[in-house]
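K.L.:
Structure provided below as structure tokens; questions to follow.
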Amino acid sequence: MNYERIKEKLEILADAAKYDVSCSSSGSKRKNKNKGLGDSSGMGICHTYTEDGRCVSLLKILLTNVCIFDCAYCVTRKSNDIKRAAFTVQEVVDLTINFYRRNYIEGLFLSSGIFKSPTRQWKD
Ligand code: SF4
């Protein structure tokens, strides 16, 4: 496994996912100053609430920011000149399970651009 490439993909695809404003902590950013506690970033891990009121952490990423469409409002649109990346299914599974085992997250928030068609998503 190429960890540097996985890390690069994670940076690109977690950053691209921050525009899905659907979690209670989406977009919030706070830098740790003067040896304070905690630090938050606008991307990567977000929070949501379960039906019974628990707050849970989710790994929030895109499967890919490659997209065949060109929606004007979307950062992932094909005409936008940005760095592109795509996870494999196995990479998403490995990242999610490994973060879960380390107790960083309790779930996955997965969204995606569209590789080929809305009904044929996985890159093969
Ligand atoms: S189809 Fe979705 S991901 Fe692709 S450009 Fe439109 S809004 Fe963005």
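K.L.:
Cβ contacts < 8 Å: first residue modelled with pLDDT of 80 or more, restricted to the stretch 31-60; second residue part of a loop (DSSP other than H, G, I, E, B) and among the basic types (Lys, Arg), any location; separation 6+ or different chain. Result?
P.N.:
The qualifying pairs are LYS60/LYS18.
K.L.:
Here's something else I'd like to know. When both residues are 6+ apart or on different chains and their Cβ atoms are under 6 Å apart, which pairs have a first residue that lies in the stretch 72-86 and is within 22 Å of ARG5 (Cβ to Cβ) and in contact (Cβ under 8 Å) with a residue 60 or more places away in the chain, and a second that is in a loop (DSSP other than H, G, I, E, B) and within 7 Å of the ligand (Cβ to nearest atom)?
P.N.:
Filtered contacts from the stretch 72-86: THR76/CYS67; THR76/GLY113.
K.L.:
What number of residues within the stretch 95-120 are within 14 Å of the ligand (Cβ to nearest atom) and in contact with a strand residue (DSSP E or B) (Cβ under 9 Å, 6 or more places away or on another chain)?
P.N.:
Of the residues in that region, 6 qualify.
K.L.:
Are any residues in the stretch 63-94 of a type in the set (Phe, Trp, Tyr) and within 14 Å of the ligand (Cβ to nearest atom), and if so, which ones?
P.N.:
PHE69, TYR73
The values are calculated or read from the model by the stated rules, or taken from the named source; none is laboratory data. Remember, it's a predicted structure, so these values are computed and weren't measured experimentally. Don't worry about glycine lacking a Cβ; one is built from the backbone with ideal geometry, like all the others, and counts go over all protein chains shown.
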